[in-house]
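Nothing in this text is a laboratory measurement; each read-out follows from the coordinates by a stated rule. Everything numeric here is computed off the predicted structure, so don't read it as measured data. Glycine also receives a Cβ, built like all others from the backbone with ideal geometry; neighbour counts cover every protein chain displayed.
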Amino acid sequence: MSKIKIILAEDYAIVRRGIASLLKLNPDFEIIAEVENGREAIQKVEALQPDIVLMDIGMPVLNGLEATAHIKKKFPHIKVLIVTVQESEEFILQIIVSGENGYVFKNSSPEALAHAVTIVAQTEKFFSPSLSPAEVQEYLKRVQDGNIAVDPLTPREKEILQLIAEGHSHFNIAGLLHLSVRTVDTHRNNIMQKLDIHDTATLVHYAVKRGLIEIKR
């Protein structure tokens, strides 16, 4: 049986190395790359074609949810397992509807992490036990029935919102995304209009709530 090829995406080096050390104890797993932001994750997926990406959420430059959306659009067969500290029901349900193959908490045991990777590799979904299967199905039904609010922001707007929430200046954002400063300003104004938010502090709060950035614990 061939090994499960894994890309590990986590921006905190000490956390990344800890997870990698645990995974390497399992002879069925092979870590083929480690990255520290969402853009690097996309590049490595394109180059190496893993079986699974273990994806942190709150990474700089491009967060895990947006990186996952890029990966799933181009490589729908590649599995993504979110590894997160967030435990709120709202956040977890966002993960479920956005197309990931599951999630596991960072405070899980090594055995639970290995189990989650194995289950997802077998083409099944895995959700940590904070939500029951019935709750998951009920939420998915609400999504299918159109009873869940649609995120009003475009992917580019969410990228820019994340960078604003991380404290980048408009000049820095323009450089990172290869845009003009005027274009960044236009996107910021559109974001504020769509969300009816008119100050940076509230934008940051929204970004945290929506999982665009993650408060590490």
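For the set 44/158; 3/158; 24/209; 74/209, the pairs lying more than 25 angstrom apart at their alpha carbons are 3/158; 24/209; 74/209. With a simple spin-label model that places each label point 7 Å from the Cα along the Cα-to-Cβ direction, the separation between residue 200 and residue 115 comes to 4.5 nm.
Note on residue 32 and residue 186: the extension gain reaches 51.5 nm, defined as 0.36 nm multiplied by sequence separation minus the Cα-Cα distance.
Here's how it looks for residue 4: its modeled amide H is under 5 Å from those of 29, 30, which are all 5 or more places away or on a different chain. Residues whose amide H comes within less than 5 Å of that of residue 58, counting only those at least five positions distant or on another chain, are 64, 214 (H built at 1.01 Å from N in the peptide plane). Remark: the residue 171-residue 142 segment gains 6.4 nm on full extension, using 0.36 nm per residue and subtracting the alpha carbon distance. The 3J(HN,Hα) values that the Karplus relation (6.51, -1.76, 1.60; θ = phi - 60°) gives for segment 110-119 are, in residue order, x, 5, 5, 5, 4, 4, 4, 4, 5, 4 Hz. Gly and Pro appear as x.
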